[in-house]
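Asks: This is the structure, below, for whatever I ask next.
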Amino acid sequence: MRTYFLRSFGCQMNDHDAERIRALLEDDGLKRVESVDDADVLVYNTCTVRRSADDRLAGHLGEAARVKALDPRRLVVVAGCLPQVEREALFERFPFVDVALGPQHLRELPAALAAGRQRGYFDGEGALSGELPAHRERPFQAWVQIIAGCTNACAYCIVPTARGPERSRAPEAVLAEVLALVADGVLEVTLLGQNVNAFGNDLRGPGRPTFAGLLGSLDAIEGLRRVRFTTSHPRDLSDELVEAIASLPTVCEHIHLPAQSGSDRILAAMGRGYTRDWYLGRVQALRAAVPDIAVTTDLMVGFPGETDDDFDDTLRLVEAAGFDAAFTFVYSARPGTVAATMPEPVAAKVALERVGRLVAATQAQSLRRRSATVGSTVEVLVEGESRHGGQTRGRNRQNVTVNFAGAAKPGELVPVQVTGATSTTLRGRAATP
Ligand code: SAH
Ligand code: SF4
Ligand code: F3S
C-alpha cells in the first residue's frame, strides 16, 4: 500500500484543508505514516503569512530533500498558500519538489499525483474546496468553511493573493453539510472564513443571505450544541450579528476580533476601515448584549511608520478592551503587498522591544479575565485526557481549555466548577449537575 506523510502549517483554514488532503489521499488508497522515511508521498501544506513561516518551511523541506535523494521515486508535494504566491519560483528554490498546488486547487491533488513527476503548478477547475470531503480529527467536532478567500486589502497581508477573492458558499450547501455532520455525531461546528462577517456579500439575487441569518438557521438544527466561528472583521460586525450571538443558544460566547493596532493613524495606513473608537464601541456592544462573552484578538507591532505614540495607543486599546487572549505579531514585509514598499520601516530591535511589552500586557490581562471566572460553573465539551496526570481536558463555551478532576469521555458535555486559572487555561472539578 502506498503511504503519505503530511505536515501542515498556518491558520485553521489551512488545518481544515489538511483534513481534506487526508480525505483525498485516503480515498485514493494511501495510508498515513508518521515518518518521512516511510512515505512514498510527502505533502507540505504551507503558510506564508509571515517571513518566519517561510523560514520554518525551508527547514522542514530539508527532510524531504534528504529522503528524495535516497529514493527519487518519492513524490514531494507543496500545497497551501506558498505555491499560490510563488508559482514557478518555488521550483527554482526547491528543485526536488514535484507538485505544487494552491488552496483553491486541492481537488487536483489525486490527478497531480497520478501525473507523477511532471513538475508543475496545478490549477484546474478551482472548485470551492468547501465541497470536498474532509477527514475529521474528532468525531464530535467539525470545521465548516462558509467563505473562501478575502476581498479586503489590508496593506500588510498576503492572504488575498494566496486565497483569491471572497466566495461564499450557498447557505443551503452549508446547512446541508452541517445537517449531515450532526447526523454523524457532531456536537460542535466551527464556521471558517478569513472574514465570516462578509458571508453572503458576494452572492447575488433577492434576499441576500447574511452571516447572522446563517447562524439563525444553524441554531435550529436539532442535536447541534455549539456553533463557533472565526474570523470576524471589526468593520463588518453588524448589530444584527451581535443580536444573533446574544439570542441564539447554540452560538458560543466567544469572538475573535483582530484589532491589529490601537492607533488611528496606523489603522488607516493598514486600510482596516475602522478607528480605535469604532473598535471599542463594537466590543462595548458585544459585552452589553452578551455579558460573559470572551473577546480575543490579533495585534501587530512594527508596521511601517509606527511611532512610540502609536504603540502607546495600542497598549491603551488593550487596557480599554480587556481582551481574554491576544495573538501578538511583529510585522513582517511580504513581497507584493502595499506595505512592503512603504517608507519608514521600524527597526527590528524596536519592534521586538514593543512586542515584549505587548505580550506582558496582554498576558496579565488574560490572567485577570480567567481568574474572574474562578468559583463559577462552566459547561465543558470533553476532548480527552489532560496532560496533568489523571485529569480530563476540554473547552468551555468561551473556548478556554479546562483541565479538571473527574472522569468523562470525549464528546461529553459536563458541568465543571472552576477552582483556578492561569493566563491560558482553567482548572476545576466535575460538578454535579
Ligand atoms: N483574516 C484575519 C487574519 C488572517 S492572518 C483578519 O482579517 O483578521 C492572521 C493574523 O496574522 C492577522 O490578524 C495579523 O495580525 C497577522 N498578520 C498578517 N499579515 C502579517 C504580516 N505581514 N506580518 C505580521 N503579521 C501579519
Ligand atoms: Fe488579510 Fe485583512 Fe483579509 Fe484578514 S481581512 S485576511 S488581514 S487582507
Ligand atoms: Fe497562512 Fe494561508 Fe492561513 S498564508 S495564515 S495558511 S490563509
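The values are calculated or read from the model by the stated rules, or taken from the named source; none is laboratory data. Just so it is clear, the structure is predicted and the values come from calculations on it, not from any experiment. FYI the Cβ positions are ideal-geometry reconstructions off the backbone, even for glycines, and counts take in every protein chain you see. Keep in mind that these areas ignore ligands, DNA and RNA; they rest on the heavy atoms of the full protein, side chains included. Shrake-Rupley method; radii C 1.70, N 1.55, O 1.52, S 1.80 Å.
Asks: Solvent-accessible area per residue for segment 377-430 at a 1.4 Å probe radius, Å²?
Replies: Normalised by residue count, the accessible surface of segment 377-430 is 47 Å².
Asks: Note down the Stokes-Einstein diffusion coefficient of segment 129-370 in µm²/s, whole number, using a Kirkwood radius over alpha carbon pairs, 10 °C, and 1.306 mPa s.
Replies: Stokes-Einstein gives a translational diffusion coefficient of 84 µm²/s.
Asks: With label points built 7 Å along Cα→Cβ from the Cα atoms of VAL338 and ARG208, find their separation and express it in nm.
Replies: 2.1 nm
Asks: Let me ask something additional. HIS388: accessible area at probe 1.4 Å, nearest 10 Å²?
Replies: 110 Å²
Asks: Taking 7 Å along the Cα-to-C-beta vector as the label spot, tell me the ALA220-ALA89 distance in nanometres, rounded to one decimal.
Replies: A separation of 4.9 nm, rounded to one decimal place.
Asks: Grab the beta carbon distance between ASP28 and ALA153, set R0 = 35 Å, and tell me the FRET efficiency rounded to 0.05.
Replies: The computed FRET efficiency comes out at 0.40.
Asks: For segment 129-370, what does the relative contact order come out to in percent, with C-alpha contacts under 8 Å and a separation of six or more?
Replies: So the answer I get is 17 percent.
Asks: Among DSSP beta bridges whose residues both lie in the chain, state the antiparallel percentage, nearest 5.
Replies: 30 percent
Asks: Could you give the Stokes-Einstein D for segment 121-237 in µm² per second, using the C-alpha Kirkwood radius, 10 °C, 1.306 mPa s?
Replies: 106 µm²/s
Asks: Using only the Cα atoms of segment 127-182, construct the convex hull and provide its projected area averaged over every direction, in square nanometres to one decimal.
Replies: In nm², the orientation-averaged hull projection of segment 127-182 is 4.8.
Asks: Please state, rounded to one decimal and in Å, the Kirkwood hydrodynamic radius that segment 231-352 gives when every pair of distinct Cα atoms enters the mean of 1/r.
Replies: Hydrodynamic radius (Kirkwood, Cα pairs) of segment 231-352 is 15.2 Å.
Asks: Does anything in segment 24-51 have its amide N under 15 Å from the 7 Å Cα→Cβ label point of ALA348, and if so which residues?
Replies: Once the point is set 7 Å along Cα→Cβ of ALA348, 51 turn out to lie under 15 Å by backbone N, inside segment 24-51.
Asks: Which lysines does LYS349 reach when only Cα atoms under 26 Å apart count, and residues fewer than 8 places away in its own chain are ignored?
Replies: none
Asks: Please list log₁₀ I(q)/I(0) at q = 0.08, 0.13 Å⁻¹ for the chain, using the Debye equation with identical point scatterers on the alpha-carbon positions.
Replies: At q = 0.08, 0.13 Å⁻¹ the computed log10 ratios are -0.48, -1.31.
Asks: Let me ask another. Under the rule that a partner needs its Cβ under 4.7 Å from the first Cβ, which Cys of the chain have none?
Replies: CYS11, CYS47, CYS81, CYS150, CYS252
Asks: On to the next question. At a 1.4 Å probe radius, carbon and sulfur cover how many percent of the accessible area of segment 377-430?
Replies: So the carbon and sulfur contribution to the accessible surface is 45 percent.
Asks: Can you give the calculated 222 nm mean residue ellipticity of the chain, where each DSSP H run of n ≥ 4 adds -39,500 (n - 2.57) and the sum is split over every residue, rounded to the nearest 500 deg cm²/dmol?
Replies: After summing the helix terms and dividing by the residues of the chain, the value is -10500 deg cm²/dmol.
Asks: Starting from the eigenvalues of the Cα gyration tensor, five times each then square-rooted, give me the equivalent ellipsoid semi-axes of segment 3-122, largest first, whole Å.
Replies: In descending order, the three semi-axes are 18, 17, 14 Å.
Asks: Apply 1/(1 + (r/R0)^6) to the Cβ-Cβ distance of ARG287 and LEU70, taking R0 = 45 Å, and write down the FRET efficiency to the nearest 0.05.
Replies: 0.20
Asks: Could I ask something else about it? Where only protein heavy atoms count, and the probe is 1.4 Å, what is the accessible area per residue for segment 3-122 in Å²?
Replies: 40 Å²
Asks: Along Cα→Cβ, 7 Å out, is where each label goes; now give me the distance between the ones at ARG387 and THR425 in nm to one decimal.
Replies: 0.6 nm
Asks: Using the Cα centre as the reference, give the magnitude of the dipole from point charges on the C-beta atoms of the chain (Lys, Arg: +1; Asp, Glu: -1; all else neutral), rounded to the nearest 20 debye.
Replies: The dipole of the chain has a size of about 720 debye.
Asks: Can you list the trypsin sites (Lys or Arg not before Pro) in segment 2-77 that are in a DSSP coil and have 10 or fewer other beta carbons within 10 angstrom?
Replies: Taking segment 2-77 and a limit of 10 other Cβ atoms within 10 Å, the loop trypsin sites (Lys or Arg not before Pro) found are ARG73.
Asks: Taking the Cα centre as origin and putting +1 on Lys and Arg beta-carbons and -1 on Asp and Glu beta-carbons, what dipole magnitude results for segment 1-123, to the nearest 20 debye?
Replies: 180 debye
Asks: Could you work out the relative contact order of segment 377-430, using alpha carbon pairs under 8 angstrom and six or more residues apart, expressed as a whole percent?
Replies: Relative contact order for segment 377-430 comes out at 36 percent.
Asks: For segment 377-430, what does the alpha-carbon gyration tensor say about shape, rounded, prolate or oblate, given a ≥ b ≥ c as the root eigenvalues, a/c under 1.5 as rounded, and a/b over b/c as prolate?
Replies: rounded
Asks: Also, quick follow-up: Which whole-number percent is the relative contact order of the chain (Cα, under 8 Å, 6+ apart)?
Replies: Over the chain, the number comes to 10 percent.
Asks: Using +1 at the Cβ of each Lys and Arg and -1 at the Cβ of each Asp and Glu in the chain, identify which of CYS157, GLN363, HIS16 lies farthest towards the dipole's positive end.
Replies: GLN363
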